[in-house]
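Written below as structure tokens is the structure these notes are about.
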């Protein structure tokens, strides 16, 4: 097999986010993450890939600390955001520092108008109303469709519009980093493309770093620069996006192409589960 | 035949025959109605923002009224006692958030409900310990609430409207309008509505649960004080005042636990309908005292046909 290109994972020094060997337990008994480490460089787009139940959402929630609201907790390891440990911070404090999550399934405030949804994203901000208004205009310029729907209840807008609302709402907090969970879920391929194009634009123009959890490996690896593959709570593979795209295993299991000549199950999954850094 | 006549025709004939009396009855119903609406609003706000059915709402009415009267008894001027009581209610909201809600966050709803029963029992004991349990007089005139009455003679009849009631209605309207403006226009109000819609998402955008909880419990405290003053002026300040909160239960069933409009319209409806029913049907046909159960019957009927209440939030679902 071709090993991923020998680019080392970004070192914590230039990383905006560094997750070091975390373990997550739900309800005190269910071990979901068994030592996940990853890093997102400042201004980077990093993809977190894997099948259903691999632990992508849990990883993101561990970082944004929404985990506690679901009775999960980080029991081992550390999470550094901009060089400071953040596992103990409330989501409120994290958003204030510039790290915000856009949850899987959009989670718009259904009975609020699109504009109210966007404005609610500015909850943690203490600056003047004018600055918030200006950012609202900025969001509308990225998502012109939202301007047209600004007065409708978010619950009645389409899936794509809800995804845009959710991303726009996160933008209103002036984030340095967005944890984007399954932005492609339930969207038509064309819309997925559109959303990812906007993510790319936001990354380039606003300098927002992204960590995106995706099942749609194909799209994710085209937009991300680096990728991690999770399997049952562990990182089993990571590397530059271009290298991952060429990896035989990734091709077969996640991209659904290649793998000719493999007939025996014995030959499958012959890559080594890499243990990372500690433990 | 005669029974049908006395149910279906006679009451309406009475209404048309003495419109001045009808006005009087409707007005009195309206006054109770605004109180029910206010209390129901307190429930709705807390329920929307934390999914807690606040059993302690009734005792908060008593506690607020007791504090106000108790402070006055200890020589604090009435107009100073009012803001002081508001401060006490704020302290109470902070304490409840710190001691009860925060440690219990993410527990099942029923546990939080039980916790509010705990708060109720605590406030009963605490209030009695500090202010004593005997019936007290509300300091109506000291607060500058007028006591006389307006008298009209419409349709050649006679209607008497107490100035205290007018103050109540005007005060309640001001409170409700202020509250609605707060919910719809301000940043905090938007956050309360957002939290009501999607708890997780609200957390994810950094809305601080603690801040919002303190805020809604404080609003519930202000509402409790307002109702405590009005109801206390009628019935005296004692722990029996608690029952007014239970009058809000049918309002909630009628209006839906999550709807602000529902609480207001439901409150007014129940206030007016129960008065009309009592005067025109209850007293002549059932020997009176129907106000004790009429609201619950009405709510039950509504629940049979619309389980989410008349104004319960429509569940928006897209597939």
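Some values worked out for this structure:
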quantity: Candidates B:221, B:127, B:157: whichever shows maximal mean-square fluctuation once chain B is modelled as a Gaussian network with Cα springs under 10 Å; calculated: B:157
quantity: Debye-sum result for segment B:2-305 in log10 I(q)/I(0), which assumes one identical scatterer on each alpha carbon, at q = 0.17 Å⁻¹; calculated: -1.45
quantity: Segment residue A:51-residue A:232, length gained on full extension (0.36 nm per residue, minus Cα span); calculated: 64.3 nm
quantity: Cα-based Rg and Dmax for chain A, where Dmax is the largest Cα-Cα distance (Å); calculated: 18.9, 64
quantity: Computed FRET value (nearest 0.05) for residue A:193 with residue A:158, which takes r as the C-beta separation and R₀ as 25 Å; calculated: 0.95
quantity: Within 10 Å of each Cβ in A:62-71, the average number of Cβ atoms from other chains; calculated: 2
quantity: For A:86-97, mean number of other protein chain Cβ atoms within 10 Å; calculated: 3
quantity: Virtual spin-label span in nm between residue B:162 and residue A:138, 7 Å along Cα→Cβ; calculated: 5.8
quantity: Cα long-axis angle, helix B:78-95 against chain B (0 to 90 degrees, to the nearest 10); calculated: 50
quantity: Relative packing of peptides B:189-202, B:258-271, A:69-82 - highest average C-beta neighbours within 10 Å first; calculated: B:258-271, B:189-202, A:69-82
quantity: Candidates A:217, A:113, A:59, ranked by Gaussian network fluctuation over chain A, Cα under 10 Å, top entry; calculated: A:113
quantity: Label point distance in nm, residue B:152-residue A:129, each placed 7 Å from Cα along Cα→Cβ; calculated: 3.9
quantity: Theoretical gain in end-to-end length, residue B:110 to residue B:7 [0.36 nm per residue, Cα-Cα removed]; calculated: 32.8 nm
quantity: Highest-first arrangement of A:203-211, B:58-66, where packing means the average Cβ count within 10 Å; calculated: B:58-66, A:203-211
quantity: Relative contact order [Cα under 8 Å, 6+ residues apart], segment A:2-148, whole percent; calculated: 21
quantity: Per-selection metrics, segment B:19-114 (Cα): Rg and Dmax in Å; calculated: 17.6, 57
quantity: Residue mean of other protein chain beta carbons inside 10 Å, A:98-111; calculated: 5
quantity: Normalised contact order of segment B:2-305, rounded percent, pairs of Cα under 8 Å and 6 or more residues apart; calculated: 37
quantity: Efficiency of FRET between residue B:234 and residue A:73 - r from beta-carbon atoms, R0 56 angstrom, step 0.05; calculated: 0.60
quantity: Among A:118, A:255, A:48: highest mean-square fluctuation, GNM of chain A, C-alpha pairs under 10 Å; calculated: A:255
quantity: Reduced Cα scattering model of the protein assembly as shown, Debye log10 I(q)/I(0), q = 0.05, 0.10 Å⁻¹; calculated: -0.31, -0.92
quantity: Theoretical gain in end-to-end length, residue B:292 to residue B:135 [0.36 nm per residue, Cα-Cα removed]; calculated: 54.3 nm
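No lab work stands behind these numbers, since they all come straight from the coordinates. All of these numbers come straight from a predicted model, not from anything done at the bench. Heads up, the Cβs are rebuilt from the backbone with ideal geometry, glycines too, and the neighbour counts pull from every protein chain shown.
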